[in-house]
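Peer 1: Below is a structure I'd like to ask you about.
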Amino acid sequence: MRIGVVGGSIAGCAGALAAARAVPEAAVVVFERSAGALRDRGAGIGIQHERFGELAAAGFLDASLPATANDAREWYVWDGGSGDRRKGGGSGGRGNSDGGGTSGLGKMILRQPFPFDGYNWGHLYRSLRGRLPSRVEYRGDARVMSVTPTESGASVTLTDGGVEHFDLLLGADGYRSVVREAMFPGVVPDYAGYLCWRGLSDFAQIEGLPHGAFFTVGFPHGHLVAYPIPADDGRVHFNWVLYATVPPEVTGDLRTATSIPPGAVSDALLDFMDALLSRELPPLWAEAIRKTAREDVFIQPIYDFEVPAYAKHRMLLLGDAGAVSRPHAGAGSVKAMQDAAALLDLWSTAADRSDLGALAARYDAARRPPGHAIATLARRIGEAQVLDTPDWSAFEEATFVPWLAALTAMPDGTELGGRRL
Ligand SMILES: Cc1cc2nc3c(=O)[nH]c(=O)nc-3n(C[C@H](O)[C@H](O)[C@H](O)COP(=O)(O)OP(=O)(O)OC[C@H]3O[C@@H](n4cnc5c(N)ncnc54)[C@H](O)[C@@H]3O)c2cc1C
C-alpha cells in the first residue's frame, strides 16, 4: 500500500506518523513544498493540559516538550483615565487602576483558572518530525501542483511534472489545500473581516509585566492575547497576537486567503498598529509589543471555513486543510494532531486495514463534527471580541463572568483548547 501526505507541517507529520504506525508495511511519502526547515510560522501555541495529556498518551506529543507553565488567564481593560499612556506610568501594579489611567496594565477585570501551557511552534514541529520513523520518506522542496482522484486512489502532479499514485492521500496542506480543491472545488476560506498582527518580544526586556499567565486586553473592535513561551535559547518570549478590524483601504484586498510574513508588512499596516497601541492599549502592553522590531512583525488575516466532508474517494483531510477555525479557540494544532490520532485509532482497530473506503467513511464521521464545533465556537468568540465588542471598560468581574460563560458555552462539550479526543 502506498500512502501519500501533502504538507509536512503539524498535520502532515502527525498524519504520516499515524499512517506509518497503522500500516507498518505501507510506503508513506510526505510532500512538503518548503525546501529547508519549516519556519516557525506559528510563534506561540497554547495547549490545554488535558488535550496535551491525551495526545502524549496517543504518542504524538512529547511529555518533555519545553513549556511555560501558565495556569491562569487575566483579563484587562483600559479604563479611560487621563494619564499619559505612552509613558507607562505608575508602578505597573498588577491590575490596579489608580483612577487616573496611569496604571501600566490597565484594570484587571478577571483572573481565572486557565489550564493551558505555552509552547513554541518550532519545538512542537521538530518534535513531531523527529518521531517519524526512517521508513517515512519526507520530501522537501516538493510542491504538489494538482491532485486527481482515480479509481484506485489519487494521483499527485508535482511542479517538475512528475506524477505519483497513491492508494490513499492525506491532505495536510493547510488552509489553501490543493487536496481539498480536488475534493470540493471552490470551497475556500472566508475572510472574517479582521486580522491580527503577531510577534515575539524578549520577556526579560519588558519591565513590570506579570508572569505565569495568559493575558487578554480588550478594546473597541479588538483585543490583545499574549502569553510567555519558551525560546530556543532558554529565554522566555512574550508571544503576542493583536486582533483588530482595519479598513480595507489600509489592508488591501484580503479576500483571497493569504498571510503576510515578517518584512513584507506595509508601512500603512504597521502605522495603523502603532496608532492603535497608543490609542487603545494600556501603556505597558503597548510598550511590550513595541519591543518587537517592526520588521519582525507579521500578519495573519483571519479566515474560516468548513468542508462538506473530511473524506471523499480515497482522500482525507487533516488539520487546517479540513477546517480553519479563527484562532480564538486556541485549538488548531490540537485538532490537527487529534485528526491524526483518530485516524491511527480507526485504522489500527479496523477489521480489514485494506478497506480504505470504510476507513474514509469512519474518519469523516469521527472528525467532521469536532472540526465544525471548534470553528463555530471560534467564530462566535471572534464576533463578540472583535467585530461587535461590548463596552469592555464598563465590565466588572460580576458582569464579565456571566458574559464570558454565555459566550463560550457549547452544548456538545467543545471548549477553549478543543474537544476531548
Ligand atoms: C494567530 C494564531 C494563533 C494560533 N494559536 C493556536 C493555539 O494557541 N493553539 C493551537 O492549537 N492552535 C493555534 N493556532 C492554529 C495552528 O497554528 C494551526 O491550526 C496549525 O498550525 C495548522 O497546521 P497544519 O499542519 O494543518 O497547517 P499548516 O501549518 O498551514 O501546514 C501546511 C503545510 O503544507 C505545506 N503545503 C501547502 N501546500 C502545499 C503543496 N501544494 N504541496 C506541498 N506542500 C504544501 C505548507 O508549506 C505547510 O508546511 C493558531 C493560529 C493562528 C493564526
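Peer 1: Determine the per residue accessible area of segment 324-421 with all protein chains present and a 1.4 angstrom probe, expressed in square angstrom. It would help to have the intermediate numbers written out before the result.
Peer 2: Working: 3990 Å² over 98 residues.
Ligands and nucleic acids excluded, the result is 41 Å² per residue.
Peer 1: In addition: For the chain, give me the percentage of DSSP beta bridges that are antiparallel, rounded to the nearest 5 percent.
Peer 2: Values: 58 of 80 bridges.
Taking every DSSP beta bridge with both residues in the chain, the antiparallel ones total about 70 percent.
Peer 1: Let me ask you something else. Can you compute the charge dipole magnitude of segment 127-254 about its Cα centre, using +1 on each Lys and Arg Cβ and -1 on each Asp and Glu Cβ, nothing else charged? Give it in debye, rounded to the nearest 20. Don't skip to the answer; put the middle values down first.
Peer 2: On the way: 9 positive and 15 negative charges, 64 e Å.
Dipole magnitude for segment 127-254 comes out near 300 debye.
Peer 1: A further question follows. Excluding ligands, DNA and RNA, what is the solvent-accessible area per residue of segment 139-239 at a probe of 1.4 Å, expressed in Å²? Intermediate values should be presented prior to the final figure.
Peer 2: Values: 3930 Å² over 101 residues.
Here the residues of segment 139-239 average 39 Å² of exposed surface.
Peer 1: Could you work out [θ]222 nm for the chain from helices alone, using -39500 (n - 2.57) per DSSP H run of at least four and dividing by all its residues? Round to the nearest 500 deg cm²/dmol.
Peer 2: Details: 10 runs with 120 residues, N = 421.
Computed ellipticity for the chain at 222 nm equals -9000 deg cm²/dmol.
Peer 1: Tally up the carbon and sulfur contribution to the accessible surface of the chain as a whole percent, 1.4 Å probe, everything protein left in place.
Peer 2: Details: 8340 of 16330 Å².
So the carbon and sulfur contribution to the accessible surface is 51 percent.
Peer 1: Mind running the shape call on the chain? Use the C-alpha gyration tensor, a ≥ b ≥ c as the square roots of the eigenvalues: rounded below 1.5 for a/c, prolate if a/b tops b/c, oblate otherwise. Mind dumping the intermediate values first?
Peer 2: On the way: a/c = 2.01, a/b = 1.89, b/c = 1.07.
In terms of gyration-tensor shape, prolate.
Peer 1: With the crude spin-label approximation of a point 7 Å out along Cα→Cβ, what separation in nm comes out for A366 versus S146?
Peer 2: About 3.3 nm separates the two model spin labels.
Peer 1: Here is a further query. For segment 307-330 and segment 361-377, what is the separation of their Cα centres, given in Å?
Peer 2: 8 Å
Peer 1: Let me ask something else about it. Along Cα→Cβ, 7 Å out, is where each label goes; now give me the distance between the ones at H211 and A398 in nm to one decimal.
Peer 2: Taking the simple label geometry, H211 and A398 are separated by 3.6 nm.
Peer 1: For a protection proxy built on the mean count of beta-carbon atoms within 10 angstrom, sort 2-15, 301-314, 143-156 highest first, please. Provide the component values of the computation, followed by the final result.
Peer 2: Working: 2-15: 28.6, 301-314: 20.0, 143-156: 16.6.
Output ranking for 2-15, 301-314, 143-156: 2-15, 301-314, 143-156.
Peer 1: Could you calculate the FRET efficiency of R353 with R2 from 1/(1 + (r/R0)^6), where r is the beta carbon distance between them and R0 is 22 Å, rounded to 0.05? Show your work: numbers first, answer last.
Peer 2: Numbers: r = 14 Å, r/R0 = 0.64.
Rounded to the nearest 0.05, the efficiency is 0.95.
Peer 1: So which aspartates and glutamates can K107 reach, going by Cα to Cα under 18 Å and dropping same-chain residues fewer than 8 places off?
Peer 2: E74, D79, D84, D98, E207, E280, E287, D391, E396, E397
The values are calculated or read from the model by the stated rules, or taken from the named source; none is laboratory data. Worth saying up front: this structure is predicted, and the values here are computed from it rather than measured. Because the Cβ atoms are built from the backbone with ideal geometry, glycine has one as well, and the counts that use them run over all protein chains shown. Note: accessible area is taken over every heavy atom of the protein model, side chains too, but ligands, DNA and RNA are not part of it. Shrake-Rupley method; radii C 1.70, N 1.55, O 1.52, S 1.80 Å.
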